[in-house]
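Heads up, the thing below is written out as C-alpha cells.
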Amino acid sequence: MKRKKGMSYVEILVATIFVATCAAVITDSLGTSLGSLARMERRLAALTILKDELSSYRIQYLTSSPVAGTYSMTHFLPGGRDCDVTTVVGKESVTDYTDITTTAVWVENKNGRTYNESFQLKTYVRIP
C-alpha cells in the first residue's frame, strides 16, 4: 500500500490546536506581566510622592517650624488613579525632635477584585 505524500487533515488539526493553545498561554502571561508592571509603576510613583512630601517638610524645618497638624491632598498616579496623601506633623516634644508621617492610599484592581494599596513613611526632624 502506498502512502500519500503531505499531511492529513487530522495532522493539520492537531498542529493548529497545539499552536492555538501555545498562543493563548503566551497571551495570558503577557497580560499578567503588563498588569504587574503597571502596578509596580504606580507603587514607585506613590513612593516618590511620599519622599517628596517628607523632603519638603524637612526643608521647611531648616528655616522655621511647620505647624503641627494633619494635611491632605490628592495626587494622580499613572493609569489615572487618584492617590490620597495625608501628612501628619507631630507636636514639638521635649527631645527637640518632631515626627512627620506621610501616608499614600490608592485603589488597585487585580484578578477582578478591588483593594486599597498604601505606603507610609515616617521620619523625625530636629527642631531648629
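Read-outs throughout are calculated quantities, based only on the coordinates presented, and are distinct from any laboratory measurement. Just so it is clear, the model here is predicted, and its values are computed rather than measured. When we count neighbours, we look across all protein chains shown, and the Cβ atoms used for this are built from the backbone with ideal geometry, even at glycine.
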### Query
Relative contact order (percent) for the chain, with alpha-carbon contacts under 8 angstrom and 6 or more residues of separation?
20
### Message
To make sure I understand, if each residue's beta carbon is the centre and we count other beta carbons within 10 Å, what order do Glu108, Glu53 fall in, fewest to most?
### Response
Glu108, Glu53
### Message
What are the equivalent ellipsoid semi-axes of the chain, built from the alpha-carbon gyration tensor (square roots of five times its eigenvalues), in whole angstrom, biggest first?
### Response
59, 12, 10
### Per-residue HN-Hα couplings for region 45-56 [Karplus 6.51, -1.76, 1.60; θ = phi - 60°; Hz; x = Gly/Pro]
5, 5, 5, 5, 4, 5, 5, 5, 4, 5, 4, 5
### Query
So for Leu121, Leu50, fewest C-beta neighbours within 10 Å to most, what's the order?
Leu121, Leu50
### Task
Could you run the Karplus curve 6.51 cos²θ - 1.76 cosθ + 1.60 with θ = phi - 60° over region 103-110 and give me ³J(HN,Hα) per residue in whole Hz, x for Gly and Pro?
10, 10, 9, 8, 9, 10, 10, 8
### Task
Give the cross-link partners of Lys51 among the aspartates and glutamates, using a straight C-alpha distance below 19 Å as the criterion and excluding same-chain residues fewer than 8 apart.
Glu41, Asp82, Asp84, Asp99, Glu117
